[in-house]
1. Can you tell me the length gained on complete extension of the stretch E320 to R157, counting 0.36 nm per residue apart and subtracting the Cα distance?
2. Take the Cα atoms of the range 428-552, find their three principal axes, and give me the spread along each one in whole Å, biggest first.
3. Could you give me the ³J(HN,Hα) list for the range 485-501, computed from phi with Karplus coefficients 6.51, -1.76, 1.60 and θ = phi - 60°, whole Hz, x at Gly and Pro?
4. Tally up the carbon and sulfur contribution to the accessible surface of the range 177-278 as a whole percent, 1.4 Å probe, everything protein left in place.
5. Amide H to amide H under 5 Å from R514: which residues, 5+ apart in sequence or cross-chain, H placed 1.01 Å off N in plane?
6. How large, in percent, is the carbon and sulfur part of the accessible surface of the range 308-356 at a probe radius of 1.4 Å?
7. Could you sort 247-255, 396-404 so that the peptide with the highest average Cβ count within 10 Å comes first and the rest follow in order?
8. Ignoring any ligand, DNA or RNA, what whole percent of the accessible area of the range 357-477 comes from carbon and sulfur when the probe is 1.4 angstrom?
Amino acid sequence: MSSQREERLPAVQELEADELAELLGDLAIGRDDHLNAPGFVVRPDEVQAALTTLRDEAGFDHLSCLSAQQYEDRYESIYHLKKYADPTQEVSIVVPTPTDAPVSQTAEPVYRSADWHEREAYDLVGIEYEGHPDLRRILLPQAWKGHPLSLDYDQDRPQIVTLEAHKNPIKHDEYADNADTMFLNIGPHHPATHGVLHIETVLDGEQVLDVRPDIGYLHRCEEQMAQSGKYRHEIMPYPDRWDYTANMTNEWAYARAAEDLADIDVPEYAQILRTLGVELSRMTGHFLALGTFALDVYGDFTAIFQYAFRDREIVQNILEDLTGQRMMYNYFRLGGVIWDVPEPRREFFDKTLDFIDGLPATMEEYHDLLTSNEIFQLRCVDTGILEPDVAKQYGVTGPVARGSGIDYDLRRDDPYGYYDQLDWDVVTEDGCDNYARVLVRLREVEQSARIVEQCVELLEDWPEEERTLQSNVPRTLKPPMDAETYRAVEGAKGELGVYIRSDNTDSPARFKIRSPCFHNLSALPEMSEGELVPDLIASLGSLDIVLGEVDR
């Protein structure tokens, strides 16, 4: 298998970079290329002009991630741009600001997804974004002192943060003559919020006028812990804790970025094992999403919820046989996987194929009980509408995007692992509503089953002497000074990316996680405003968020 760094021909990449440089003209004042993409330095007051040029004239319609960091002599914001039509076309816009005045022009008017991104960068790093519509903390309490990822932050300083009174954010607005509005807190501890999520909601009767998701209740400093760990072994256990419903996809996100950074090959046999494990893990995530969503929309615990957990448990049994763990698998290693399928191999393969063979009847049960259910259809059809153009503005990916007809899947569009050698289809639905998102996940389970079956066939016939599990990775990894990369995989919730900057030590200088749940949740107001409270709950459930990944 060729190295990740060789996936694009350097000559082609350089040609694209020259064309982009000509397009940007004087807006680009320097180059700062990354391993995955050409990079251009722009002035803090030219951010919107540069991004608008790349969006409107070069087709970069996807602000995938914003990585912010502080050096000894400057702050820096990096906007990672892609195209929904072709995510292999990437470009980084680097915006340096001085340490005594870390102020940069906001990108929010160009990409709505910059709203939450820039709030997080302000919250954790300390960069201010001039013109931002709502520049306040997003993960930490508003009264928190300092910015935890800035170089002068005192990690040992204790802080006591007082609770703030919740006020109606549109108290002084009038929507009709003598209209009365009510401010309602949904969460952070509520059976319909899928974790510790607080939703500030303003109602006129039961109609939703304003929705503001309030996150940060489960912030566990995953990025800082990764920056404190060593590449070789100490970081890999963390990804399983991000989206803990479909964990193994997270491991691949870190592996892909680190292997790109350190120029590590992965044996073909190990790529098949990775693909097998990740698709099984994707199925566990979709089963959980299906069961909890049914519970949200019509309170069906005894049937759909239990059916979904029955099937999720079967897949977890298979993954436990493969990895030795029930949930936090830690199966990936840089350069491969930790071990082969368990002995006797035939028994493991038969157990996996038995589940795959029974899946068509299982999926028919779900359609009989759920998608053809009249109550379910009334709750889901034409509710939670998310139009494709709006979804792209918020950086929405995964089943949520594909439920809006956006044909975007990194397994096919930016191939990694063994996906480009297998026969499977990307699932899309054009409904743009809660019902379409359920259909996408159900159909994706079937596609994952196709991939798993093909992986089993390959592993069965693989010559024993060629079953290489790991490449020869140095005991201590020290990537080059200031090498930077952003790599992403198709997680169960969407595009899960990792940005790493190295400083020639055995730990990252900067480690940034791009969470698909973070982006998908930011679009909730677009799906909910003007609808009823029950529709808001259904729309939230259709996003299938996991707060461990939203907050990180």
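1. Values: separation 163, 0.36 × 163 = 58.68 nm, distance 4.15 nm.
The E320-R157 span can extend by a further 54.5 nm.
2. Principal-axis extents of the Cα atoms in the range 428-552, largest first: 57, 43, 22 Å.
3. So the Karplus estimates, Gly and Pro as x, are 8, 10, 10, 9, 10, 8, x, 5, 9, x, 6, 10, x, 9, 9, 10, 10 Hz.
4. Numbers: 1570 of 3430 Å².
So the carbon and sulfur contribution to the accessible surface is 46 percent.
5. The list, which skips near neighbours in sequence, is G497, V498, Y499.
6. Numbers: 1090 of 2030 Å².
For the range 308-356, the apolar C and S fraction of the accessible surface comes to 54 percent.
7. Values: 247-255: 26.6, 396-404: 28.9.
In descending order of packing, they fall as 396-404, 247-255.
8. 43
The values are calculated or read from the model by the stated rules, or taken from the named source; none is laboratory data. Treat the numbers as computed from the prediction; the structure is a model and nothing was measured. Cβ atoms come from the backbone with ideal geometry, glycine included; neighbour counts cover every protein chain shown. Note: accessible area is taken over every heavy atom of the protein model, side chains too, but ligands, DNA and RNA are not part of it. Shrake-Rupley method; radii C 1.70, N 1.55, O 1.52, S 1.80 Å.
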